[in-house]
Amino acid sequence: MPGPVALLIEDELQMRRFLRAALESHAYQFVEATTARDGLAQAAGRNPDVILLDLGLPDGDGIDLTRRIREWSNVPIIVLSARGREQDKVAALDAGADDYLTKPFGIGELLARLRVALRHATPAAGEPEFTLGGLTVNFEQRRVTVDGTAVHLTPTEYKLLGVLIRHAGKVLTHRQLLKEIWGPNAVEHTHYLRVYMTQLRHKLESDAARPRYLLTEPGVGYRLNAE
């Protein structure tokens, strides 16, 4: 069976060579583009399984390209950028990117993010149960257990956990979570999230100060660790 198709949209030659060698050695089919225009054409014509996208392209911005791709495709998009500012990460994720890695990064971390993106690209609809390590959520019974012990969640806590599970492995910004849980009028109230995330961690994590499942992306949002 041929491996998944990874489209890299990147104008830096050394980065393209590095990623081609790394991904092809792990059975990925590799396609590359050096401009936003070519990247859009390759995304439409090659139907990739995942897109790796640099933000600084010679003929346009990667955030704008992400928005254009999201108009017609749900293909996972992982941003690879030297821009490490929180506002750049938030802008990319709000535009529709699934994940964000700041250069330089290790190939092991990239491969892990790729596995998560591919695994959750086409989640099975109506899955009755989700399991991750010792955490199990039965959606039919609305029952949550940790290491076999039932855990009581409030309706808001359960809804927040459900959203994170539905996007497992994907970074969700504060704005995205607030809008989905509390509605569009609450997108500025980040303290809501802090309170409920703290409560969830105390109920689900063996050590709330060192969470295994509910990870913080500082200044950006939260991610359910799906590895």
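The values are calculated or read from the model by the stated rules, or taken from the named source; none is laboratory data. A quick note: this is a predicted structure, and the numbers were derived from the prediction, not measured. We place every Cβ from the backbone using ideal geometry, glycine too, and count neighbours over all the protein chains shown. Just so you know, the surface numbers come from the protein's heavy atoms only, side chains and all, with ligands and any DNA or RNA stripped out. Shrake-Rupley method; radii C 1.70, N 1.55, O 1.52, S 1.80 Å.
For the reader, a short list of remarks on this structure follows.
- Leading residue by the ranking (modelled with the lowest pLDDT) among those in region 104-133 that are of a type in the set (D, E, K, R) and under 30 Å from residue 84 (Cβ atoms): 119
- Cβ-Cβ under 8 Å pairs, at least 6 apart or on other chains, region 184-200 side without any contact (Cβ under 8 Å) to a residue 12 or more places away in the chain, far side of a type in the set (D, E, K, R): 186/179
- Flag if residue 46 is open to solvent by 60 Å² or more (accessible area, probe 1.4 Å) and over 20 Å from residue 113 (Cα atoms): yes
- Region 58-84 residues that are closer than 21 Å to residue 168 by Cα, paired with ones that are assigned to a loop (DSSP other than H, G, I, E, B) and open to solvent by 80 Å² or more (accessible area, probe 1.4 Å) (beta carbon under 9 Å, 6 or more apart): 73/47; 74/122; 75/47
- Members of region 74-102 that are of a type outside the set (A, V, I, L, M, F, W, C), within 21 Å of residue 227 (Cα to Cα) and not in a strand (DSSP E or B): 76, 98
- Among residues of region 205-226, those that are open to solvent by 40 Å² or more (accessible area, probe 1.4 Å) and closer than 15 Å to residue 136 by Cα, counted: 2
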